[in-house]
Amino acid sequence: MHNLAIIDIGSNSMKMVLAEVKKGHSFTIIDELKETVRLGEGMSIEKKLKQDRMDKAIQTLRMFKDLCDATDTEEIITVATAAVREATNRQQFLQRVKREIGLDVKVLSGIDEGYYDYWGVANSIDKEDGLIMDIGGGSIELIWMKDRKVKESTSLSFGALDITQNFDLYDSINEEQEKELEDFLHDAYQEVPWLSEMDHTALLGVGGTIKNIARIDQRKKDYPLNILHNYKMSNEAINDVYQLVKSKDLEERKNISGLSTKRADIFIGASAAVKTLIDFCDIKKLILSRKGIREGLIYHHLCRSDQPVKDVVNFSIKNIMNNFNLNQDHAYHIYKLSKSLYDQLKDLYELKPSEFNGDIDKIILVAAMMHDIGNHVNYYDHHEHSFYMLLNSGINGLSHRELLLSSYIAASHRHTKYSLHKYNLNRASLQKIINKNGPDKEAIRKTGILLEIAESLDRSMNGIVEAVQCSITDEQVNIKTIAREETELEINDALETAEGFEKLYGKKLNIY
């Protein structure tokens with residue numbers, strides 16, 4: 001186990017993430033620092049980094065390095081993007097960093113920057129295709145991902161700082177400025193020929209601008225989950241945010257809920273870049289990825305492969321289980337039994353795929369594999385702890401809806417009398433994500449009790465019950481256990497669910 005630091009010297013802000021790396025290339029973020037340095041500010045004409053901006057950057061890097069020293073972090077990867085890349089005096093800056101801080105900085109090309117963005121997105125969003133967009137202070141990276149591979153990419157040599165400076169948008173925007181800006185952005189996108197070749201795919205957004213757009217939308221809608229990664233927005237919602245921010249001056253924008261005050265002065269131009277791209281490509285949906293260049297660098301460094309992971313969900317599950325030192329053999333056995341029970345009994349569900357929005361197989365996988373994560377708070381009532389720990393685990397590859405359903409099912413794996421009020425299922429705000437009645441509640445309760453039965457059938461955690469065979473009669477469900485040893489403990493424990501099973505399925509339960 002060791003620590004790894006990724007330092008990103010951007011044009012607008014400088015960030016460092018500190019990761020604890022464990023066995024099997026698993027890692028967890030243990031700290032993060034960010035400073036709005038504005039290294040690229042004022043360099044648009046002469047292409048020179050200003051002295052005061054370089055001084056601020058050096059001061060920030062010294063702070064980052066102090067934290068690395070305090071945490072015994074010896075492996076430090078430092079990269080710089082557009083501002084340093086474009087600066088005519090970049091060698092002066094890089095030499096100062098080496099001399100005063102002791103860090104070697106790798107200056108990324110625009111294509112490199114986009115490549116690591118792609119690595120961050122492809123390893124954390126379960127999508128085959130999409131247009132990745134990262135708006136930095138000094139550049140915009142666009143990557144066309146097709147079949148989870150980079151099909152095309154480009155780097156536009158302007159970003160949020162450049163747009164704001166060149167069109168004087170620090171305070172507000174008038175109709176003439178807006179027309180000039182839209183024409184400029186349209187022409188820039190027009191020069192990327194492959195943008196017009198794409199299908200109407202999703203925009204996979206990376207970076208602070210799009211994160212703030214999503215946060216504003218969440219606050220406007222009183223979104224019940226404090227989760228940004230994999231948050232989805234319609235093109236209409238993006239336009240609504242743009243209309244909101246462009247209608248206000250700087251002081252008014254600072255009061256917009258969800259918008260960082262440190263980004264308010266450069267936000268009109270940046271949000272216009274997103275809105276114009278959505279319109280230009282006729283994109284209907286945006287998906288936010290909180291995993292971008294820094295996480296991409298971590299994934300690429302640890303995986304040491306030319307291709308991202310094949311299965312985002314399983315990769316994320318393994319990472320979290322390693323970090324929490326969970327019993328993976330037991331968890332996988334619970335999943336195998338739960339999935340087998342579901343496959344054999346799903347005809348007893350009223351659940352119809354056409355009425356259920358989500359991947360039920362993925363939901364069962366996550367709930368079963370992570371059902372015991374709450375033990376790390378307390379064994380007693382650990383199923384309740386599993387609910388909020390799973391919901392806030394940062395697991396990748398699920399929609400918010402699938403994640404919430406998985407969390408409820410995981411919380412149902414012990415004797416809860418199948419009442420979910422304590423998990424706030426009746427909270428009105430959650431109705432924006434799941435329906436407390438109908439197929440959602442049925443999926444939670446019926447699948448939850450199958451998880452409870454599976455847990456009981458591996459009560460000794462040694463895989464005694466190797467498989468189950470179900471038969472269904474008019475009045476009863478029979479579950480035959482295929483076991484290599486005596487299973488009295490397991491069967492007696494599983495039969496504790498009989499009363500609840502009959503209430504949910506309308507049939508008696510027999511396990512033998």
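Some notes on this structure:
Condition check ((1) closer than 22 Å to Glu128 by Cα; (2) part of a helix (DSSP H, G or I); (3) under 19 Å from the mean Cα position of the chain (by Cα); (4) not assigned by TED's automatic domain parsing to the domain that holds Ile6) across all residues:
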{"position": "Asn322", "(1), (2), (3), (4)": "no, yes, yes, yes"}
{"position": "Leu326", "(1), (2), (3), (4)": "no, no, no, yes"}
{"position": "Leu337", "(1), (2), (3), (4)": "no, yes, no, yes"}
{"position": "Asp343", "(1), (2), (3), (4)": "no, yes, no, yes"}
{"position": "Lys346", "(1), (2), (3), (4)": "no, yes, no, yes"}
{"position": "Leu351", "(1), (2), (3), (4)": "no, no, no, yes"}
{"position": "Leu365", "(1), (2), (3), (4)": "yes, yes, yes, yes"}
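- Set side by side, the residues Lys246, Lys275, Lys285, Lys254 differ, and just one is basic (Lys, Arg), more than 23 Å from Leu39 (Cα to Cα), surrounded by fewer than 18 Cβ atoms within 10 Å (Cβ to Cβ) and not assigned by TED's automatic domain parsing to the domain that holds Gly394, which is Lys285.
- Note on region 421-465: among residues that are among the β-branched types (Val, Ile, Thr) and touching an Asp or Glu at 6+ places or on another chain (Cβ under 7 Å), the one that is modelled with the lowest pLDDT is Ile434.
- Residues that are aliphatic (A, V, I, L, M), in a helix (DSSP H, G or I) and out of contact with any helix residue (DSSP H, G or I) (no Cβ under 8 Å at 6 or more places or on another chain), drawn from region 41-82: Met63, Leu67, Ala70
- Once region 157-172 is narrowed to residues that are crowded, with 20+ Cβ neighbours inside 10 Å and not charged (D, E, K, R), the residue that is farthest from the chain's Cα centre (by Cα) is Leu169.
- Conditions (1) in contact (Cβ under 8 Å) with a residue 40 or more places away in the chain; (2) out of contact with any helix residue (DSSP H, G or I) (no Cβ under 9 Å at 6 or more places or on another chain); (3) more than 23 Å from Trp144 (Cα to Cα); (4) among the charged types (D, E, K, R): number failed by Arg219: (1)
- Residue, farthest from Gln190 (Cα to Cα), within region 137-158, restricted to residues that are of a type outside the set (Ser, Thr, Tyr), in a loop (DSSP other than H, G, I, E, B) and in contact with a helix residue (DSSP H, G or I) (Cβ under 6 Å, 6 or more places away or on another chain): Arg148
- The single condition among (1) under 21 Å from Leu181 (Cα atoms); (2) assigned by TED's automatic domain parsing to the domain that holds Ile453 that Ser316 does not meet is (1).
- If the condition is being touching a helix residue (DSSP H, G or I) at 6+ places or on another chain (Cβ under 6 Å) and assigned to a helix (DSSP H, G or I), then region 162-181 contributes Ile163, Thr164, Phe167, Gln177, Leu181.
- Candidate set: region 464-480, residues that are touching a residue at least 40 places away in the same chain (Cβ under 8 Å) and either closer than 23 Å to Lys503 by Cβ or small (Gly, Ala, Ser) (or both); chosen: the one surrounded by the fewest Cβ atoms within 10 Å (Cβ to Cβ): Ala467
- Filtering region 376-405 to residues that are in contact (Cβ under 8 Å) with a residue 40 or more places away in the chain and more than 16 Å from the chain's Cα centre (by Cα) leaves His376, Leu405.
- Only listed residue being in contact with a strand residue (DSSP E or B) (Cβ under 8 Å, 6 or more places away or on another chain) and of a type in the set (Ser, Thr, Tyr), chosen from Ser393, Ser354, Ser386, Ser340: Ser340
- Count - residues of region 6-27 that are over 20 Å from the mean Cα position of the chain (by Cα) and surrounded by fewer than 23 Cβ atoms within 10 Å (Cβ to Cβ): 4
The values are calculated or read from the model by the stated rules, or taken from the named source; none is laboratory data. Just so you know, these numbers come straight off a predicted model, no measurement behind them. Positions of Cβ are generated from backbone atoms using ideal geometry, with glycine treated the same way; all protein chains shown enter the neighbour counts.
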